[in-house]
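Quick note: the coordinates plus some simple rules give every number you see, no bench work behind them. As the structure is a prediction and not an experimental result, all values here were calculated from the model. So basically every Cβ, Gly included, is an ideal-geometry build from the backbone, and we count neighbours across all protein chains shown.
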Amino acid sequence: MHRVKETTKMRAYGKKRSLLLIVLLFAGLLLGSGTFNLCYGGPTEPQIKAAFIYNFIKFVEWPQRSFQRADSPVSVCAIGDDPLVNTLDSLNGRSAQGRTIAVKRINKTADAEKCHVIYIAKSEKDQTAAMLKPTRAGLLSVGDTKSFPAMGGIINFLLSENRVTFEINMDAAERAELKISSQILKLATIYHENGLKEEK
């Protein structure tokens, strides 16, 4: 019984530590240049990206009709297989904008009907274009492949010289009726579907 209690306490501590890491990561990003360097012994790439997604949720405004009730959870769906898909589980049960975050894995985009955020893993890059059409209002799409914005994705992670940052397709965000806070926009490279990019 004593060991069971110790294990429970350790798990609770681990969850609190994960949340603290996420908060500290993004605080550093807001104060810095909008990138985060990967370094030995520091947070991993999936942890950094999960921190970004957590704060995308905090700084994006969904259409009111996206939620059935005032206390409806924010549904985060993940499709495919990569390290970030597993790391996203650390967001399950967290709170953002007064709502609980509920993370689930799906097998096809048809299952994303009630999702507010969908992360499409690199493993699905050959099907990504089809997954992103048609655009649905109230769905924030996040990806991790070079051509994601060009295919209609909204937020795409970038990794250059051991730095994690992201780009935002503003045209896709407008079609999805999502309002992205300036706190997020100032960290991003802004992508337009006419091929222009606005560097931060």
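How many Å³ per residue does the convex hull of the Cα positions in the stretch 91-134 occupy?
Working: hull volume 4.0 nm³, N = 44.
About 91 Å³ per residue, rounded to a whole number.
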Likely footprinting exposure, SER182, SER75, fewest C-beta neighbours within 10 Å first: SER182, SER75
ILE155, ILE53 arranged by Cβ crowding within 10 Å, fewest neighbours leading: ILE53, ILE155
Cα centre as origin, Lys/Arg/Asp/Glu Cβ charges: the stretch 101-198 dipole, Debye: 260
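Classify the stretch 33-153: rounded, prolate or oblate, from the alpha-carbon gyration tensor (a ≥ b ≥ c, eigenvalue square roots; a/c under 1.5 rounded; otherwise prolate if a/b is larger than b/c)?
Numbers: a/c = 1.67, a/b = 1.12, b/c = 1.48.
Because a/c hits 1.5 or more and a/b fails to exceed b/c, the stretch 33-153 counts as oblate.
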For the stretch 107-113, Karplus couplings with θ = phi - 60° (6.51, -1.76, 1.60), whole Hz, Gly/Pro x: 9, 8, 5, 4, 7, 8, 4
Ranked packing of 166-176, 54-64, most packed first, by mean Cβ within 10 Å: 166-176, 54-64
